[in-house]
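Here, each number is a calculation from the coordinates, and none is a lab measurement. Treat the numbers as computed from the prediction; the structure is a model and nothing was measured. Because the Cβ atoms are built from the backbone with ideal geometry, glycine has one as well, and the counts that use them run over all protein chains shown.
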Amino acid sequence: MSLRTSSALASLALLAGCGGAESPPTPGDDIECAIGTGAEFASVCKLERVAGAQEIIIHHPDGGFRRLNFDPATGTLAARDGAEPLVLEQGQGVLEFRVGTDRYRIAREPAPPPAPSPSP
């Protein structure tokens, strides 16, 4: 009985420690996205450029994300996970594309990624 009580108290202590801290804000620039079937575009996603790589990450407001390869020389985008293909769509002045049922709009030439931090 004592073991069961102490396990329950330890579990409660761990849960209490998790409740007070908030997650840091998602890095990146706001972009328009429409997540899911029938969704309307809104500026609720974040575009993160990975330093030292030809990779961008699009963060969804629900915590989901997409990893993409971006070649600045050609402007080519490709999904990194490969589960669903990236399909380019017609966009006025922006690069508009979809992956599955999610749609995105980003600047045709995203700013270059930040320079890698020097090693200590």
inquiry  = Rounded to the nearest 20 debye, what is the charge dipole size of segment 29-107 about its Cα centre when +1 sits on each Lys and Arg Cβ and -1 on each Asp and Glu Cβ?
reply    = 120
query = Taking K and R as +1 and D and E as -1, what net charge do the other residues with C-beta under 10 Å from the C-beta of residue 98 add up to?
reply = -3
inquiry  = Could you compute the net charge surrounding residue 86? Neighbours are other residues with a C-beta less than 14 Å from the C-beta of residue 86; K and R count +1, D and E count -1.
reply    = -1
key: Peptide ranges 81-87, 44-50 listed from the most packed, as the mean C-beta count within 10 angstrom indicates   = 44-50, 81-87
query = In the neighborhood of residue 67, defined by Cβ-to-Cβ distances under 9 Å, what is the net charge if each Lys or Arg adds +1 and each Asp or Glu adds -1?
reply = 0
task = Find the centroid of the Cα atoms in segment 27-47 and in segment 66-95, then give the distance between the two in whole Å.
result = 15
message = I need the chymotrypsin sites (Phe, Trp or Tyr not before Pro) found in segment 35-72, filtered to DSSP loop residues with at most 16 other beta carbons within 10 Å of theirs.
response = 41
Mean separation of Cα contacts under 8 Å (6+ apart) over length of segment 29-107, as relative contact order % = 24
ask   = Of all the C-alpha pairs in segment 29-107, what % are more than 14 Å from each other?
value = 60
inquiry  = At 7 Å along Cα-to-Cβ for each site, give me the label-to-label distance between residue 51 and residue 73 in nm.
reply    = 2.4
